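First the structure, in the form of structure tokens, and then the observations on it.
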Amino acid sequence: MNSRSIVILAGGFGTRLKSELGEIPKSLAPVNNKPFLEYLLVNWIEQGFNNFIFCLHYQSNLIIDYVNTIRGSVLRNCNVQFVIETEPLGTGGACINAVQNAVIIEDYFFVANSDTFLSVKTNAELNKNRSIMTLFHVSDTSRFGRVEFSKETGLVTSMQEKSETILGSGYINAGFYKFCKRDFMRLNISSFSLENDILPDLIEDNIITYSILEGSFIDIGIPSDYKKFCRWVESNKSFTL
């Protein structure tokens, strides 16, 4: 099997889901008697991923314990490494920390959030050795922000932060990326945001290309969407935003 690495951002506190989960990390949110993370892992393995690097902080022991229970089943043909943050590093710091400390990351690697499910198959564009932001079309961009891109150059040109003033349909950042390792090796590990600090610089330097995904997208970060995913799994029917 060809090696394919994915960095999983799973260190967040899941503050908005505490009303539903208590102290359980959101990646372990129960969905039809299975942790949400299991649905993600099965989906990623079906896409050919076999190297999993978990970026952890909040309740890291719970996630490690769960992953270890499925090493002989779901993850039986996979490599796993845990990178634990002694203090919260944000999505940007977590990526840098993983790249500089994980031994199973290759020259190009993928990054995914542990609270977002994409029921899509990765396309041929993602096999190319270049930095890529995946985009998803939604009917309302106000919760997610909006991404602009150029069809002529194939580059992402700008990102707008989520706001109630950003109304209407458009393309959003799906939170699934492909990056070049060398772009992270030169950065200092500290606490900051991938979305607000690293991506804007890569966009300004004309490094980030885009790939539009089709299928279904859901971020379980708020109770209503977490319940929506639970209903989707129980009914086994596709959903749309």
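The values are calculated or read from the model by the stated rules, or taken from the named source; none is laboratory data. Being a predicted model, the structure only gives us computed values, none of them experimental. Quick reminder, even Gly has a Cβ in these numbers, built from the backbone with ideal geometry, and neighbours come from all protein chains shown.
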Flag for Lys18 being free of Cβ contacts under 8 Å to residues at least 12 places away in the same chain and more than 16 Å from Ala94 (Cα to Cα) | yes
Could you list, in sequence order, the residues of segment 189-241 that are in a strand (DSSP E or B), of a type in the set (S, T, N, Q) and modelled with pLDDT under 90?
-> none
Filter result for Asp107 (in contact with a helix residue (DSSP H, G or I) (Cβ under 9 Å, 6 or more places away or on another chain) and loosely packed, with under 15 Cβ neighbours inside 10 Å) = yes
Mind telling me which of the residues Gly72, Gly90 ends up being buried (at least 17 other Cβ atoms within 10 Å of the Cβ), out of contact with any helix residue (DSSP H, G or I) (no Cβ under 6 Å at 6 or more places or on another chain) and modelled with pLDDT of 90 or more?
-> Gly90
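Look at Val67 and say whether it is of a type in the set (Val, Ile, Thr) and surrounded by 18 or more Cβ atoms within 10 Å (Cβ to Cβ). Step through it out loud before you land on a result.
Values: of a type in the set (Val, Ile, Thr): yes; surrounded by 18 or more Cβ atoms within 10 Å (Cβ to Cβ): yes.
Yes; evaluated as a whole, the condition is true for this residue.
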Being within 14 Å of Ser211 (Cβ to Cβ) and out of contact with any strand residue (DSSP E or B) (no Cβ under 6 Å at 6 or more places or on another chain) is the filter here, so list the residues in segment 127-152 that pass it.
-> Asn127, Lys128, Lys151
If the Cβ limit is 7 Å and pairs must be 6+ apart or interchain, which residue in segment 175-195 that is at positive phi pairs with which residue that is assigned to a loop (DSSP other than H, G, I, E, B) and among the polar types (S, T, N, Q)?
-> none
Lone qualifier among Tyr58, Tyr39 - being within 23 Å of Phe176 (Cβ to Cβ) and without any contact (Cβ under 8 Å) to a residue 60 or more places away in the chain | Tyr58
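Taking the condition of a type in the set (Val, Ile, Thr) and in contact with a Pro (Cβ under 7 Å, 6 or more places away or on another chain), does Ile105 pass? Before the answer, list the steps.
Values: of a type in the set (Val, Ile, Thr): yes; in contact with a Pro (Cβ under 7 Å, 6 or more places away or on another chain): no.
The answer is no for Ile105.
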So is Thr122 among the β-branched types (Val, Ile, Thr), at pLDDT below 90, in a loop (DSSP other than H, G, I, E, B) and farther than 23 Å from Lys181 by Cα or not?
-> no
Does segment 56-73 include one or more residues that are under 17 Å from the mean Cα position of the chain (by Cα), assigned to a strand (DSSP E or B) and under 23 Å from Phe229 (Cβ atoms)?
-> yes
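Could you tell me which residue of segment 1-30 is modelled with the highest pLDDT, considering only residues that are in contact with an Asp or Glu (Cβ under 7 Å, 6 or more places away or on another chain) and assigned to a loop (DSSP other than H, G, I, E, B)? Walk me through how you get there before you give the answer.
Step one: filter segment 1-30 for residues in contact with an Asp or Glu (Cβ under 7 Å, 6 or more places away or on another chain), giving 3, 5, 11, 26-27.
Now restrict to residues that are assigned to a loop (DSSP other than H, G, I, E, B): 3, 11.
Numbers: Ser3: 73, Gly11: 92.
Going through the qualifying residues, I end up with Gly11.
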Any residue in segment 31-44 that is part of a strand (DSSP E or B) and not charged (D, E, K, R)?
-> yes
Test Ser216 against the criterion of being closer than 19 Å to Tyr39 by Cα and either of a type in the set (A, V, I, L, M) or touching a residue at least 40 places away in the same chain (Cβ under 8 Å) (or both), and give yes or no.
-> yes
Working carefully through the options Ser131, Ser158, find the one that is touching a residue at least 40 places away in the same chain (Cβ under 8 Å), of a type outside the set (Asp, Glu), touching a Cys at 6+ places or on another chain (Cβ under 7 Å) and more than 16 Å from Ile218 (Cα to Cα).
-> Ser131
